[in-house]
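See below for the structure under consideration.
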Amino acid sequence: MSNKIEKVAVLGAGVMGAQLAGHLANAGIPSLLFDISQELAEKGVDILSKLRPAPLYKPKNAKMITACNYDDHLELLKDVDWVLEAVAERLDIKEKVFGNIAPYLKDTVIISSNTSGIPLADLVGTLPEKFRSRFIITHFFNPPRYMRLLELVKGVETDQGVYDFIADFGENVLGKGIVHAKDTPNFIGNRIGVYGMMKTIQQAQAMNLTVEEVDKLTGTIVGRAKSATFRTADVVGLDTLAHVAQTSFDKGEGDEERDIFQVPDMLKNLIDAGNLGQKTKAGFYKKIDKGVIHSLDLDTGDYSEQKKVRFDGFRLAKDRQTVGEKIAALTYSEDKAGKFFWEILAATLIYSAKRIPEISDDIVNIDNAMKWGYGWELGPFETWDAIGVHRSIERMKAEGKTVPTWVTEMLAAGRTSFYDFENGAKTYYDLPTKKSAVAPISNKAIFLNLEKKKGNLIKRGWSASLIDLGDGVIDVEFHSVLTPGFNPIDGSVLDMVNQGLDLLEAGKYKGMVLGHQNGNFSVGANLALILGYAENGEYDNLNKTSKLFQDIAQRIRFSKAPVVAVPFQFCFGGGFEITAPAAHRVASAETYIGAVEVGVGLIPGAGGNLRLLLNLFANAGKRPMSPFQISQTAFQTIGFAKVATSGEEAKHVGYFLKTDTIVLNSEHLIKTAKDKVLELAEDYEPPLYRDDIKLPGAGGRTAMNLAIKGFKMQGKLSAHDEKIGQKLAWVLTGGDKAGLTKKVDEQYLLDIEREAFVSLAGEPLSQARMKHMLKTGKPLRN
């Protein structure tokens, strides 16, 4: 019988169990959420609307979850295809729960546990024999909506077909990155990750580094999470960190580094004092007042103001372009920062290598676990390649560090890196065979870096490139040199989009994708350029820049071949404006999109007002909204800088069309977009130019301006906010040409948008807002 999952039972309605049910709902899978009482089960469902960050793509997803208890609802289990256990980490509790539910399950059900500390062999022993072949461990990282990692562990009795099915379901339905782990303490992610954290704490104390110094050196500068080490510990919870570390110590009898997992007295003292991190507002950091956070002295246990962190090694790393180059610069820096980072990095690399084949048979699963579970841009072995395997090993040996034999054997055999590119494929050193093996890639994924290495790069610019994806489809990849990871829309990006459109117009390609795999889609237009023009009084140049962006957006809209945009993560301002005119969007479920220009004293100036209006008209469908309702909704969205916090919400707000495609697995975005281009290209007709747009004109604008004035009188808006609001209302109500019996066209709306945009850029208070945003990354209210 073939496997299918149409309904799931989640056992345990605590924070993790509830969020697992929530993410199943995000994927369109209904679930039964069980706990020992109806009250606890219902509390689990209710908490999904209160947790931050939000576990659900949209609040109504909670309706797909049914709260159940073990006394009244066991009969409902007969309909479930998968039982996902997430109760307390005690074998006796899990055994009791499995015993209660087993009589009600169908023979074809799949059963899994979300445990991270109890051996699979112990768990499977609590089940009736007929279910043992259908039991695996599915270890989701918390919070499951946001963390890509799903570690899978099978037992000796696990049916391979069941295991493969869950792996496929996890990747393609739940959007997870699948890591194949072994039944060892804390599997892969937490084994390596917590080792690194405990080693970092130990080294920080040994070298007398402060909490804030360590976090400066172990965060984004080396491609790790912004929360770095100590802030991450606070977010996870110091009690949780200690529990995971203790598990590795208690069950790591054969681990040569076992002692590193012993919880240090300093951490024990924090836990005993009830300082558990973010949830108690004190851990390694302590919230004193709004905006005031002190840090812990690791020696005395006292809190004090954070001190400014300055290291030569950090400065050297910051000047490098790629993450690998930054890591190498810091690693080999000769100052205190470099020596500290070298010690923790070398230890982590060696420890990772020694864990093969104990926790994994290959380096790929270890690297993926750290990237998907801990937010590392480069896994341990990718990092080792970045700092130079031969160079680093020579230093390790000189310092008396023990390098695993298999690594030195790899070098002796002539392979100088763990990964390589051979015969058009990414390869890795496979320890069991001691040969090169092709790194596995899903048939639903396209990796642009590999495509470029295959020779498919058409043209490279300063901030964007054109890539041939094959089958007559090209891609515009963003890769800002000045602000990598944020990809502001600058002249280089616009030029590359234009060149791509030229190729489409010439009939050389069937269509184009606007998509990349670098950090965030785009945080907006080049604000520094806009501010520079405004401060220098170069309003003609600012007008031309705005017009250029508008014109290219219109070219995208009316291209004779389809253009499909791929927004993901941050997509603000100009990012929205360049995706909106595309024929279709294949968007990540994790897209945070908004027309947020009012935060810097402006309104959208590259067509954003027109795009939102057209989307709202289109999304209204068979229940049309009046012109005033359309303008009012657009005003509320742009005027309050509303950000949609998921792809699904973006449809509701109007940043996306209801027909757009949402993809949960970010690795599938480019391939899905390419397929969409080919689908559309079969009989593609660009949209008709709109010269029949009905907006409310002066009557609607009067109502909006009265509302704005009311907000100002209540102290909710400043005088400058009022001015911005009035300019925005002018555009969204159709200027002086729209009205109850009059229509306007697209170009007119673009023209009055551009006029308002340039006018606001000339305002000193708007310029102050732009300066403040560039300096602090935060909006200024003036």
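The values are calculated or read from the model by the stated rules, or taken from the named source; none is laboratory data. This is a predicted model, so every value here is computed, not measured. No Cβ is skipped: glycine too gets one built from the backbone with ideal geometry, and neighbour counts run over all protein chains shown. The accessibility values were calculated without ligands, DNA or RNA, using every heavy atom of the protein model including side chains. Shrake-Rupley method; radii C 1.70, N 1.55, O 1.52, S 1.80 Å.
Placing a label point 7 Å from the Cα of Asn208 along the Cα-to-Cβ direction, the residues of region 295-322 whose backbone N falls under 17 Å of that point are 297-302, 307, 310.
Projecting the Cα atoms of Pro624, Ala25, Gly155 onto the dipole axis of the chain, where Lys and Arg carry +1 and Asp and Glu carry -1 at the beta carbon, places Pro624 farthest toward the positive end. Share of the chain's accessible area from carbon and sulfur, percent, 1.4 Å? Carbon-and-sulfur percentage of accessible area, whole number: 51. In a reduced charge model with +1 at each Lys and Arg Cβ and -1 at each Asp and Glu Cβ, the chain shows a dipole moment near 2100 debye about its Cα centre. Rg over Rh for region 37-160 works out to 0.96, both radii taken from alpha-carbon positions and Rh defined as the Kirkwood radius. Over 32 Å apart at the Cα level, from the set Lys50/Lys96; Lys176/Lys622; Lys510/Lys743; Lys454/Lys510; Lys50/Lys154, are Lys176/Lys622; Lys510/Lys743; Lys50/Lys154.
The alpha-carbon atoms of region 1-81, seen along their principal axes, cover 40, 29, 18 angstrom, with the largest extent given first. As a calculated quantity, the FRET efficiency between Gln160 and Asp289 at R0 = 51 Å, using C-beta atoms, amounts to about 0.35. For region 490-624, treating each Cα as an identical point scatterer without solvent, what Debye log10 I(q)/I(0) comes out at q = 0.11, 0.19 1/Å? Treating every Cα as an identical point scatterer, log10 I(q)/I(0) equals -0.41, -1.16. Cα-based values for region 738-782, radius of gyration first and Dmax second, are 15.5, 47 Å. For region 104-212, the Cβ-based charge dipole about the Cα centre amounts to some 160 debye (Lys, Arg positive; Asp, Glu negative; other atoms uncharged).
Tell me, Kirkwood radius of region 293-373 from alpha-carbon pair distances, in Å? Evaluated over region 293-373, this radius sits at 15.2 Å. Scoring 155-166, 8-19 by mean Cβ neighbours within 10 Å over their residues and listing the highest first yields 8-19, 155-166.
Just to check, using Stokes-Einstein with a Kirkwood Rh over alpha carbon pairs, what's the diffusion coefficient of the chain at 25 °C and 0.890 mPa s in µm²/s? Using the Kirkwood radius from Cα pairs, D works out to 86 µm²/s. In this simple spin-label approximation, Gln747 and Ala121 carry label points 7 Å from Cα along the Cα→Cβ vector, and these lie 7.7 nm apart.
In the chain, a dipole from Cβ-located charges (positive for Lys and Arg, negative for Asp and Glu) runs towards its positive end, and of Val222, Leu695, Met266 it is Leu695 whose Cα lies farthest in that direction.
Restriction of the GluC sites (Glu not before Pro) in region 412-520 to DSSP coil positions whose beta-carbon has at most 13 other beta-carbons within 10 angstrom yields no sites. Distance between the pseudo-spin-label points of Val481 and Glu75 (7 Å out from Cα toward the beta carbon): 7.1 nm.
Across the options Trp82, Ser522, His479, the greatest Cα extent toward the positive end of the charge dipole of the chain (unit charges at beta carbon of Lys, Arg, Asp, Glu) belongs to Ser522.
Return, ordered by residue number, the residues of region 13-57 whose backbone nitrogen is under 14 Å from a label point located 7 Å along Cα→Cβ of Glu6. Counting backbone N atoms under 14 Å from the label point, the list is 29-31.
Taking square-rooted eigenvalues a ≥ b ≥ c of the alpha carbon gyration tensor, is region 539-602 rounded, prolate or oblate, where a/c under 1.5 means rounded and, failing that, a/b exceeding b/c means prolate? It comes out oblate by the Cα gyration axes. Taking one quarter of the surface of the C-alpha convex hull of region 399-472 gives a mean projected area of 8.2 nm². The angle between the Cα long axis of helix 15-26 and the longest principal axis of the Cα atoms of the chain comes to about 50 degrees, rounded to the nearest 10. Taking every DSSP bridge with both residues inside region 1-157, close to 20 percent are antiparallel.
Straight-line cross-link partners of Lys182 among the aspartates and glutamates, defined as a Cα under 16 Å from its Cα and at least 8 positions apart when in the same chain: Asp122, Glu151, Glu157, Asp159, Asp164, Asp255, Glu358, Asp361, Asp362, Asp367. Let a ≥ b ≥ c be the square roots of the eigenvalues of the Cα gyration tensor of region 468-558; is it rounded (a/c under 1.5), or, if not, prolate (a/b larger than b/c) or oblate? In terms of gyration-tensor shape, oblate. Taking all protein chains into account, the per residue accessible area for the chain stands at 42 Å² (1.4 Å probe). With respect to the chain, whose longest principal axis is taken over its alpha-carbon atoms, helix 539-558 is tilted by about 70°.
Between Lys547 and Leu40, the contour length at 0.36 nm per residue exceeds the Cα-Cα span by 176.8 nm. Helix 389-398 and the long axis of the chain differ in direction by around 40°, with both axes built from C-alpha atoms. Within 10 Å of each candidate Cβ there may be at most 16 other Cβ atoms; applying that plus a DSSP loop requirement, which chymotrypsin sites (Phe, Trp or Tyr not before Pro) in region 389-498 survive? Passing both the DSSP loop test and the Cβ count: Phe447, Trp462.
P(r) tail, region 80-139: Cα-Cα pairs separated by more than 16 Å, 33% of all pairs. Remark: spin-label model distance Glu505-Lys279 equals 5.9 nm, labels positioned 7 Å along the Cα→Cβ axis.
How high is the FRET efficiency from Asn782 to Lys60, r the C-beta distance, R0 41 Å, rounded to 0.05? Given R0 = 41 Å and the Cβ-Cβ separation, E is 0.60.
Its Kirkwood hydrodynamic radius, worked out from the mean inverse distance over all distinct Cα pairs, puts region 357-402 at 11.7 Å. For region 697-744, trypsin sites (Lys or Arg not before Pro) meeting the loop criterion (DSSP other than H, G, I, E, B) and having at most 16 other Cβ atoms within 10 Å: Lys716, Lys737, Lys743.
Considering only beta bridges that DSSP places wholly inside the chain, some 45 percent are antiparallel.
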